[in-house]
Amino acid sequence: MAKIWEGRFKKELDAEADRFNASISFDRRLFKHDVRSGLAHLKALKKAGIISAREAAQLTSGMKKVAKKEAAIDWPAYEDVHSAVEGELVKLTGDLGKKLHTGRSRNDLVATDTRMYMKEEMDNVKAGIRKLMASLVELAEKSQHIYMPGYTHLQHAQVVCAGQWLMAYFAMFKRDCDLFDFAQARADRLTLGCGALAGSNYPLDRTLIARETGFKNVAENSMDAVADRDFMLDFLYASSVCAAHLSRLAEELIIYGSNEFGFIEIDDAFATGSSIMPHKKNPDIPELIRGKTGKYFGGLMAGLTMMKGLPLAYNKDMQEDKVLMFSRLDELKETLSIAAKFMRNITIKQETINRQMADEFMYAVDIADYLVGKGLPFRESHRVVGSMVGYCVENNKRFTGLTLDELRSFSPKFAGAKERMEFMKLINPAESAAAKLTAGSTSPSSVKRQIAFGKKWLGKVKR
Ligand code: ARG
């Protein structure tokens with residue numbers, strides 16, 4: 001097919017070069033958006049008096065017809081979505097259609113279409129994140145009676161509520177929503193009206209175009225506008241952070257589902273078997289979620305590297321932005337959906353968790369804090385409890401196995417039977433959790449508040 005730019009050329013583009021140059025195989029996704037920006041541009045052309053009201057009506061009705069023939073277009077014949085939409089309009093309206101591209105360039109057009117597409121799609125990503133958050137809250141609510149070890153350095157640290165663990169991920173994914181909000185806000189700038197780079201020779205009302213295409217703002221500098229792909233980088237960064245969060249969750253699900261931990265049971269419908277080992281039940285789903293993470297980081301690096309050396313304004317390098325964005329977008333939406341389903345179908349197993357809960361050293365901080373209550377400075381009580389732990393390890397004892405005399409040997413604060421009783425009471429998951437007083441802590445009341453807040457937040461943002 002003839003090129004929209006063929007005028008100055010004496011030869012046809014080499015077939016292989018043509019294929020290499022074309023973006024139609026992937027940018028045809030922007031069809032709907034290219035039509036919309038085309039319709040908005042027609043309004044601006046009419047308002048500026050470049051086309052008559054009659055012409056505008058004919059072209060607008062032609063464009064609306066183009067919108068309906070997406071399935072019938074011979075896509076591979078075109079270089080990109082912009083020439084396709086224009087070409088189809090010319091087919092329907094003849095020479096009149098050739099006026100469409102007055103005062104615009106594919107440079108301002110592609111940025112406009114892509115920004116529109118991304119703003120829309122990031123809504124879908126956020127909806128996917130919220131679905132996952134909803135299954136986390138649901139599970140947290142169901143697991144309010146479950147206590148488990150909390151880890152630092154993957155070593156037993158302190159007792160936490162299972163709900164606190166789950167709501168930690170809720171908090172991460174909520175931040176991801178913020179990141180996508182930010183990326184959307186930064187994409188919310190109209191580029192059309194900037195022409196190739198210098199602006200347009202026609203007094204196109206960019207505020208009108210912005211209104212028609214759903215943009216809140218109008219990009220303030222024409223050269224920057226056509227050269228800017230920050231919104232793409234923002235998306236790739238937000239996706240990378242979200243993928244990292246998904247990967248951390250996946251990693252914990254894999255570890256917690258192992259024989260060694262046995263904290264969770266994956267539903268059969270979300271686990272796979274082995275071709276040789278009949279007994280296997282493998283966590284392929286979280287492994288794949290974890291395994292895909294590198295592609296997000298790679299995409300972000302590719303995007304940053306693509307942009308870093310580009311002279312102003314437009315360069316064809318930037319055509320690659322869509323390849324990076326579409327692939328991450330598709331995979332992220334798919335991953336979020338399966339992650340939400342997966343979480344809704346795991347069982348938290350208190351019995352196996354309890355095997356680890358037998359480790360009474362997880363109450364060491366509670367004991368140190370108890371001694372603080374008895375008047376010891378914390379650094380001192382830390383040392384006292386540390387030597388109790390050392391003694392227990394050496395003598396193969398647990399905290400609850402310590403006699404009053406033994407307790408007294410560590411500190412005179414363990415004065416008598418009453419203190420030993422108080423000490424014994426500390427060695428209990430519910431007591432330990434309930435003793436946490438700070439906002440956001442793992443105390444059951446705090447977890448309850450987090451769950452309530454989470455549900456309210458989800459209810460509010462759901463449109
Ligand atoms: N397919 C191109 C892209 O995605 C559209 C813009 C082409 N502009 C140009 N000056 N060749 O970037």
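Run the numbers on the chain and let me know its relative contact order in percent, using alpha-carbon pairs under 8 Å that are six or more apart.
Answer for the chain is 17 percent.
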Exercise. Using label points projected 7 Å from each Cα along Cα→Cβ, tell me how many nm separate Asp181 and Ser387, to one decimal.
Key: 5.2
Self-check item: Calculated from backbone phi, Karplus (6.51, -1.76, 1.60) coupling profile of the range 171-180 in Hz, x at Gly/Pro
Solution: 4, 4, 6, 5, 5, 5, 4, 4, 4, 5
Quiz item: Extension gain Ala71-Lys10, at 0.36 nm per residue separation less the Cα-Cα distance, in nm?
Solution: 18.6 nm
Quiz prompt | Normalised alpha carbon radius of gyration of the chain [divisor 2.2 N^0.38 Å] | solution = 1.36
Quiz item: For the Cα atoms of the chain, what angle does the longest principal axis make with the long axis of helix 81-93, in degrees from 0 to 90, nearest 10?
Solution: 40
Quiz item: Taking Cα pairs under 8 Å and at least six residues apart, what relative contact order does the range 236-332 come out at, in percent?
Solution: 33
Practice problem: Please list, in chain and number order, the residues 5+ apart from Thr272 or on another chain whose amide H is under 5 Å from its amide H, with Hs placed from the backbone. | Solution: Asn282, Asp284
Practice problem: May I ask you to list the GluC sites (Glu not before Pro) in the range 1-68 that are in a DSSP loop and have at most 15 other Cβ atoms within 10 Å of their Cβ? | Solution: Glu12
Self-check item: Euclidean distance of C-alpha centroids, the range 384-447 and the range 265-327, integer Å
Solution: 46
Quiz item: Once phi is turned into ³J(HN,Hα) by the Karplus curve 6.51 cos²θ - 1.76 cosθ + 1.60 with θ = phi - 60°, what whole-Hz value does each residue of the range 337-349 show in order, with x for glycine and proline?
Solution: 5, 6, 5, 5, 5, 4, 5, 5, 10, 9, 10, 8, 9
Quiz prompt | the range 124-274, relative contact order in percent, only Cα pairs under 8 angstrom and at least six apart counted | solution = 18
Quiz item: What nm distance separates the two modelled labels at Phe326 and Ala127, each placed 7 Å from Cα along Cα→Cβ?
Solution: 2.1
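Hey, any idea what Rg/Rh is for the range 324-463, computing Rh the Kirkwood way over Cα pairs?
Ratio of gyration radius to Kirkwood radius for the range 324-463: 1.17.
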Quiz item: Out of Val241, Leu310, Ala210, whose Cα points farthest toward the positive end of the dipole of the range 200-339 (charges: +1 Lys, Arg; -1 Asp, Glu; placed on Cβ)?
Solution: Leu310
Practice problem: Any chance you could give the angle, 0 to 90 degrees and rounded to 10, that helix 417-426 forms with the longest Cα principal axis of the chain? | Solution: 20
Quiz item: Are there GluC sites (Glu not before Pro) in the range 170-253 that DSSP puts in a loop and that have at most 10 other Cβ atoms within 10 Å, and which ones?
Solution: Glu220
Quiz item: Based solely on its DSSP helices, what 222 nm [θ] is calculated for the chain when runs of n ≥ 4 H residues each add -39,500 (n - 2.57) and the sum is averaged over all residues, nearest 500 deg cm²/dmol?
Solution: -20500 deg cm²/dmol
Exercise. Report, in debye and to the nearest 20, how large the dipole of the range 330-453 comes out about its Cα centre when Lys and Arg carry +1 and Asp and Glu carry -1 on their Cβ.
Key: 320
Exercise. Compute the acute angle (0 to 90°) between the alpha-carbon long axis of helix 378-394 and the principal axis of greatest extent of the alpha-carbon atoms of the chain; round to the nearest 10°.
Key: 70
Exercise. Report the label-to-label distance for Met421 and Arg355 in nanometres (one decimal), using points 7 Å from each Cα along the Cα→Cβ vector.
Key: 3.6
Practice problem: Sort the range 1-43 into rounded, prolate or oblate with this rule: let a ≥ b ≥ c be the square roots of the eigenvalues of the Cα gyration tensor; rounded if a/c is under 1.5, and if a/c is not under 1.5, prolate when a/b is larger than b/c, oblate otherwise. | Solution: oblate
Practice problem: Can you figure out the FRET efficiency of Phe378 with Glu265, using R₀ = 35 Å and their beta-carbon distance, to the nearest 0.05? | Solution: 0.30
Quiz item: Which whole-percent values make up P(r) of the range 161-246 when all C-alpha to C-alpha distances are grouped in 10 Å steps starting at zero?
Solution: 17, 34, 23, 15, 8, 3, 0
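Every number in this text was worked out from the coordinates using simple rules, so none of it is lab data. Being a predicted model, the structure only gives us computed values, none of them experimental. Cβ atoms come from the backbone with ideal geometry, glycine included; neighbour counts cover every protein chain shown.
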